[in-house]
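The values are calculated or read from the model by the stated rules, or taken from the named source; none is laboratory data. Nothing here was measured: the structure is a model prediction, and the numbers come from that model. Neighbour counts run over all protein chains shown; Cβ positions are idealised from the backbone, glycine included. For accessibility, only protein heavy atoms count, side chains too; no ligands or nucleic acids. Shrake-Rupley method; radii C 1.70, N 1.55, O 1.52, S 1.80 Å.
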Amino acid sequence: MACAERAVSEQSDYFPSQRILASAYAMSGRMDEARRTMAEIVRARPQLRLSNLKDWMGPFRRQDIERYAEAYRLAGMPE
């Protein structure tokens with residue numbers, strides 16, 4: 001989480017760092033921060049949805065995508 005926070009502070013519009021930070025916050029129970037970060041992501045990229053997660057996540061294993069999906073769901077990503 002600290003690395004993602006630092007990356008976002010250095011380059012706030014870098015999407016991979018934002019999504020890692022949102023998922024780290026969500027999985028650690030820091031829901032206010034997770035939802036705030038996810039709101040910023042969705043505001044900048046309104047096309048992102050859980051339903052098209054596999055289209056923009058990249059070549060991850062199924063179980064990794066499922067873990068990200070759960071974190072994104074907790075953070076408030078639209079279905």
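For every residue, the table says whether it meets (1) in a loop (DSSP other than H, G, I, E, B); (2) surrounded by fewer than 15 Cβ atoms within 10 Å (Cβ to Cβ).
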{"position": "Gly29", "(1), (2)": "yes, yes"}
{"position": "Met38", "(1), (2)": "no, no"}
{"position": "Val42", "(1), (2)": "no, no"}
{"position": "Asp64", "(1), (2)": "no, yes"}
{"position": "Tyr72", "(1), (2)": "no, no"}
{"position": "Pro78", "(1), (2)": "yes, yes"}
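Residue count for the stretch 46-55, restricted to those that are in contact with a helix residue (DSSP H, G or I) (Cβ under 9 Å, 6 or more places away or on another chain) and either open to solvent by less than 60 Å² (accessible area, probe 1.4 Å) or modelled with pLDDT of 95 or more (or both): 3.
State whether one or more residues within the stretch 1-16 are outside any helix (DSSP H, G or I), under 11 Å from the mean Cα position of the chain (by Cα) and not hydrophobic (A, V, I, L, M, F, W, C). No, every residue in the stretch 1-16 fails to be outside any helix (DSSP H, G or I), under 11 Å from the mean Cα position of the chain (by Cα) and not hydrophobic (A, V, I, L, M, F, W, C).
Assessment of the stretch 11-27 against the conditions (at pLDDT 95 or above and loosely packed, with under 13 Cβ neighbours inside 10 Å) yields no matching residue.
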